[in-house]
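**Q** One structure coming up, written as C-alpha cells, with questions to follow.
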Amino acid sequence: GAGALPPGFPVPASVMAMLGGASQKPTVVFKRADGFELAAVQARAPNGASLLLIQHRNGSSQPAADVRVQYLLPSGATATYAGDPPPSVSYDGQAALPLLAFNGSASHVLTLTAAPGPLDLNFQLRVRIVQGARQDEAAIPAAFFGFQSILSPAPVSEQQFGQNWGAHPEEKRFELTVNSIQSPEQYQASLETNLNLKVVKIIGKEVISAGQHGVLGLCLVHAKLGAGKIGF
C-alpha cells in the first residue's frame, strides 16, 4: 500500500510528482555498518516503462561526505535520469553527490526500459558507491522493475498449463525471501501488477501463472509460498 517516506529522509515534492504523487513504502536494499544506506521505490510510467526512485541516505558518522555513484544497467536495458536537483549523470551512469550531509539524502529517479529479448531471471540493477577509499556495490533485484516490454499476460487454462509444462525446453528453479507477501492473493496482485503475468489458478499455497514473451514464447511460472519465502 501507499506510505510516506520516513521524515528523516524526505523526498522533494518534484521527485514525488515524477512518481505520480505517491509511492509505496521504500525498501532498504543496501546498508553499511556505519549507517549509509540505499532505499528504492518502484512506480510505473504511462508508457509502461519502469520508474525507480533510488535514495542515497547518509546516516554515517561522517558529518558530510562526498559520494560518487555509478548505475550499472542490466543487459538490454536503457535508462534516463532525473532528480532534484537534476543529477548530472554521465553516459556510463556515473553521478556525484557532493557533501552529502549527515542524516541527509539524495534522490534520483531512473526511467528504465528493457528491449525484448531473452528473459534473464538475474535481471538486476547494480549501484556502485564510492566514498573516499571505500567502494561498495548494491544490487536492486528484478522485483523492483516492471516487465511490460518483456512479458504480456497469457490467458491459458489449467489444462493448457499442464500440457505445455512438460514440453518446455528450459526450466529455472530458485527461491526468494519476500516478507511482504504472506498470502496467494497478495502474490497474485504483485505478480499481475509488477511482472505482467496472468494467474491461471491458486491451489492452496501454490500459484500457477503464465506470460507471453516476444521472442521465447510462452513462459510458465509455478510458485509455492512458505514462511517469508517463495519457491519457484
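The values are calculated or read from the model by the stated rules, or taken from the named source; none is laboratory data. Keep in mind it's a predicted model, so treat the numbers as computed, not measured. No Cβ is skipped: glycine too gets one built from the backbone with ideal geometry, and neighbour counts run over all protein chains shown. Accessible surface is based on the protein model in full, side chains and every heavy atom, while ligands, DNA and RNA are left aside. Shrake-Rupley method; radii C 1.70, N 1.55, O 1.52, S 1.80 Å.
**Q** Without any contact (Cβ under 8 Å) to a residue 40 or more places away in the chain and either closer than 18 Å to PHE144 by Cβ or surrounded by fewer than 18 Cβ atoms within 10 Å (Cβ to Cβ) (or both), is that true of ILE181? If you could, list the steps in order and put the result at the bottom.
**A** Values: without any contact (Cβ under 8 Å) to a residue 40 or more places away in the chain: no; either closer than 18 Å to PHE144 by Cβ or surrounded by fewer than 18 Cβ atoms within 10 Å (Cβ to Cβ) (or both): yes.
In short, no.
**Q** Got at least one residue in segment 7-28 being modelled with pLDDT of 80 or more, open to solvent by 20 Å² or more (accessible area, probe 1.4 Å) and part of a loop (DSSP other than H, G, I, E, B)?
**A** Among the residues of segment 7-28, not one is modelled with pLDDT of 80 or more, open to solvent by 20 Å² or more (accessible area, probe 1.4 Å) and part of a loop (DSSP other than H, G, I, E, B), which makes the answer no.
**Q** Could you list, in sequence order, the residues of segment 203-232 that are without any contact (Cβ under 8 Å) to a residue 60 or more places away in the chain, of a type in the set (A, V, I, L, M) and surrounded by fewer than 17 Cβ atoms within 10 Å (Cβ to Cβ)?
**A** ILE203, ALA227
**Q** Turning to a different aspect of this structure: For segment 178-232, enumerate the residues that are modelled with pLDDT of 85 or more, in contact with a strand residue (DSSP E or B) (Cβ under 6 Å, 6 or more places away or on another chain) and β-branched (Val, Ile, Thr).
**A** VAL199, VAL200, VAL207, ILE208, VAL221, ILE230, listed by residue number.
**Q** Condition (residue is part of a helix (DSSP H, G or I), at pLDDT 85 or above, of a type in the set (Asp, Glu) and on the phi < 0 side of the Ramachandran plot) applied to segment 155-164: is it met by at least one residue?
**A** Yes: one or more hits.
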